[in-house]
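Some notes on the structure that comes next.
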């Protein structure tokens, strides 16, 4: 049987080699090498290059005939070609050195072929191209073909075109805003030391490269520093009357009958339990029980389908054990469910009187109790769920929770919405540092701005002798530092366009930005390893998961399932 060839898949497509040399440095090295070869070959022809030059001259005459001088000329032309502005490094399929070598080879072969046809002294290489041309095409047709090859070789070597390039039109719909500036992206991926949790060395941001190469990634960067200190006098928080209240009550069915069915079904399988409290939630009713001594929890969880059959309830979930309690919970869907409205959560004293920096109203648990969280302690949040599972609704609730507690002077938002329809309702709120971003390149620019703002804030805290933004704002008399929350509604679109740049900026912010009050809320409907990479997952430990398409996606977002 033929041996199967294994193809190693590379994450993110083609694996790019990382070089620490500037492209101009590479060009300079290549030019010096070409000119050195040209000088050595010329000295060999003049007989002043020693023994090496003598043998090199004999070899050149044998191969090139009277065209031996083409060796020096070819190297000089190649060096000049590298100096042309059209050449750059980083191409995947046609590197510069391969192009130059191809042009040099065609140039030498075509001239030597002409020497062979005209004087029969083109050396062995001239014989290779000149003999077939004169034999099969004749004298004149052979000359035409060889002159054509010569012209092609010059075009390839100097990377020039016979047709002048037309000015390219600007992309339709591009915003003519002076706040966007074209800069060349510098990689912000953390080094190995940062990945291992060590100290991260913060470097200066690279200056714009005026002679950016055609292959270089050019991304607009947001200039939004002016919006940080913008004051809004007389601003009042929005009233809760804008939001709807809960309507109706959940119906759980016959609770006593369900208790008896659960207890009898477990007894039929030899499991003695003591029924405890019943919690009626908005969507499910939780029946709690305490197993007898010596009963394995795995034996109870294995009866999930049998209990669902006996109760005529689907889906049925068994939580064994309930966190922080010595009980097992069996959750059954209610006959009628109640939508949890945001207003009833925001009216709670736990939300209104909280001293936390960034309180989020997340919803109600299975017992109907409100659930709140502090984003400043998370300090970043990863949200995942398939289309239609409520992911965007949860994001809206999170944003509204922030807007109902924070003034524009204390909270700034950067909203990134590649889908263009989910977050545009917030376009006119005063908390925005920049209009809602819908283009991936501008999204990466905003993330890179956040990295720069993070480094600036670290300098401010260092100068004030403070450890975090809370202590700084508490003791400072002058300018306060507002919290900055960056919301990304769809990470998959960003990663598919600018994966390396987006991942690097997100990881740096997730690793270091908590102390300076910059927080991330990242959402995606496709929690695959290409979107939620290992670095992102390792640095964003707080996660909110909705229903996903597969068990693999569940493991990716929650590490369980």
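Which of (1) closer than 17 Å to residue 437 by Cβ; (2) surrounded by fewer than 20 Cβ atoms within 10 Å (Cβ to Cβ) is the odd one out, the single condition residue 547 does not satisfy?
Evaluating residue 547 over (1) closer than 17 Å to residue 437 by Cβ; (2) surrounded by fewer than 20 Cβ atoms within 10 Å (Cβ to Cβ) leaves (1) as the failure.
Looking at the range 293-356, what helices (runs of 4 or more DSSP H) fall wholly within it and have at least 2 residues that are buried (at least 17 other Cβ atoms within 10 Å of the Cβ)?
On the way: elements: 297-301, 304-311, 342-346, 349-352.
Because the criterion is at least 2 residues that are buried (at least 17 other Cβ atoms within 10 Å of the Cβ), the helices (runs of 4 or more DSSP H) in the range 293-356 that meet it are 304-311, 342-346.
Can you find even one residue in the range 375-382 that is in the same structural domain as residue 537 (by TED's automatic domain parsing), in contact (Cβ under 8 Å) with a residue 12 or more places away in the chain, assigned to a helix (DSSP H, G or I) and in contact with a strand residue (DSSP E or B) (Cβ under 6 Å, 6 or more places away or on another chain)?
Residues of the range 375-382 that are in the same structural domain as residue 537 (by TED's automatic domain parsing), as a first pass: 375-382.
This time we only want the ones that are in contact (Cβ under 8 Å) with a residue 12 or more places away in the chain, so: 375-382.
Restricting the remaining residues to those that are assigned to a helix (DSSP H, G or I) gives 375-377.
Within this subset, residues satisfying the condition of being in contact with a strand residue (DSSP E or B) (Cβ under 6 Å, 6 or more places away or on another chain) are 375.
The answer is yes, given that some residue of the range 375-382 is in the same structural domain as residue 537 (by TED's automatic domain parsing), in contact (Cβ under 8 Å) with a residue 12 or more places away in the chain, assigned to a helix (DSSP H, G or I) and in contact with a strand residue (DSSP E or B) (Cβ under 6 Å, 6 or more places away or on another chain).
Just a yes or no: is a residue in the range 252-261 within 30 Å of residue 343 (Cβ to Cβ), surrounded by fewer than 15 Cβ atoms within 10 Å (Cβ to Cβ) and at pLDDT below 90?
No: zero hits.
Residue-by-condition table, conditions (1) at pLDDT 50 or above; (2) surrounded by 14 or more Cβ atoms within 10 Å (Cβ to Cβ); (3) within 30 Å of residue 500 (Cα to Cα):
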| residue | (1), (2), (3) |
| --- | --- |
| 117 | yes, yes, no |
| 134 | yes, yes, no |
| 143 | yes, yes, no |
| 150 | yes, yes, no |
| 153 | yes, yes, no |
| 161 | yes, no, no |
| 170 | no, no, yes |
| 173 | no, no, yes |
| 192 | no, no, yes |
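Residue 321 is checked against (1) in contact (Cβ under 8 Å) with a residue 24 or more places away in the chain; (2) not assigned by TED's automatic domain parsing to the domain that holds residue 286 and fails just one. What number does that condition carry?
Unmet condition: (2).
Restricting attention to the range 252-286, which residues are closer than 18 Å to residue 322 by Cα and free of Cβ contacts under 8 Å to residues at least 12 places away in the same chain?
277
Can you tell me which of (1) crowded, with 20+ Cβ neighbours inside 10 Å; (2) part of a helix (DSSP H, G or I) is the one residue 500 doesn't meet?
Going through (1) crowded, with 20+ Cβ neighbours inside 10 Å; (2) part of a helix (DSSP H, G or I) one by one, residue 500 breaks only (1).
Just to be sure I understand, how many residues within the range 463-479 are more than 31 Å from the chain's Cα centre (by Cα) and in contact (Cβ under 8 Å) with a residue 40 or more places away in the chain? Don't jump to the end; show me each part of the working.
Here is the first cut: in the range 463-479, the ones more than 31 Å from the chain's Cα centre (by Cα) are 463-466, 471-479.
Going one step further and asking which of them are in contact (Cβ under 8 Å) with a residue 40 or more places away in the chain, we end up with 479.
So the answer is 1.
Do we find that residue 411 is surrounded by 21 or more Cβ atoms within 10 Å (Cβ to Cβ) and touching a strand residue (DSSP E or B) at 6+ places or on another chain (Cβ under 8 Å) in this structure? Walk me through how you get there before you give the answer.
Working: surrounded by 21 or more Cβ atoms within 10 Å (Cβ to Cβ): no; touching a strand residue (DSSP E or B) at 6+ places or on another chain (Cβ under 8 Å): yes.
No.
Here is a list of conditions, (1) in contact with a helix residue (DSSP H, G or I) (Cβ under 9 Å, 6 or more places away or on another chain); (2) closer than 26 Å to residue 315 by Cβ, and residue 356 meets all of them except one; can you say which number that is?
So residue 356 meets the others, but not (2).
Listed residues 425, 394; which is in the same structural domain as residue 349 (by TED's automatic domain parsing), free of Cβ contacts under 8 Å to residues at least 40 places away in the same chain and not in a loop (DSSP other than H, G, I, E, B)?
425
Answer yes or no as to whether residue 105 is surrounded by 13 or more Cβ atoms within 10 Å (Cβ to Cβ), farther than 25 Å from residue 146 by Cα and at pLDDT 75 or above.
Considered against the rule, which asks whether it is surrounded by 13 or more Cβ atoms within 10 Å (Cβ to Cβ), farther than 25 Å from residue 146 by Cα and at pLDDT 75 or above, residue 105 comes out as no.
Scan the range 54-70 and tell me whether some residue there is without any contact (Cβ under 8 Å) to a residue 24 or more places away in the chain, at negative phi, assigned by TED's automatic domain parsing to the domain that holds residue 125 and not in a helix (DSSP H, G or I).
Scanning the range 54-70, I find no residue that is without any contact (Cβ under 8 Å) to a residue 24 or more places away in the chain, at negative phi, assigned by TED's automatic domain parsing to the domain that holds residue 125 and not in a helix (DSSP H, G or I), so the answer is no.
Pick out the one residue from 451, 460 that is within 17 Å of the chain's Cα centre (by Cα), more than 29 Å from residue 363 (Cβ to Cβ) and at pLDDT 90 or above.
The match here is 451.
Of the residues 249, 236, which single one is more than 16 Å from residue 320 (Cα to Cα), touching a strand residue (DSSP E or B) at 6+ places or on another chain (Cβ under 9 Å) and not in a helix (DSSP H, G or I)?
Going through 249, 236 in turn, the sole match is 249.
Give the number of residues within the range 258-292 that are more than 49 Å from the chain's Cα centre (by Cα) and part of a loop (DSSP other than H, G, I, E, B).
Residues in the range 258-292 being more than 49 Å from the chain's Cα centre (by Cα) and part of a loop (DSSP other than H, G, I, E, B): 5 in total.
Across the range 399-420, what is the total count of residues that are in a loop (DSSP other than H, G, I, E, B), under 23 Å from residue 243 (Cβ atoms) and in contact with a helix residue (DSSP H, G or I) (Cβ under 8 Å, 6 or more places away or on another chain)?
The qualifying residues number 3.
Going by the conditions given, is residue 511 within 18 Å of residue 379 (Cα to Cα), surrounded by fewer than 22 Cβ atoms within 10 Å (Cβ to Cβ) and at pLDDT 85 or above?
Details: within 18 Å of residue 379 (Cα to Cα): yes; surrounded by fewer than 22 Cβ atoms within 10 Å (Cβ to Cβ): yes; at pLDDT 85 or above: yes.
Yes: the conditions hold for residue 511.
Can you name the number of the only condition in (1) surrounded by fewer than 17 Cβ atoms within 10 Å (Cβ to Cβ); (2) touching a helix residue (DSSP H, G or I) at 6+ places or on another chain (Cβ under 9 Å) that residue 450 fails?
The failed condition is (1).
The values are calculated or read from the model by the stated rules, or taken from the named source; none is laboratory data. Quantities reported herein were computed from a predicted structural model and do not represent experimental measurements. Ideal geometry is used to build each Cβ from the backbone, glycine not excepted, and the neighbour counts take in all protein chains shown.
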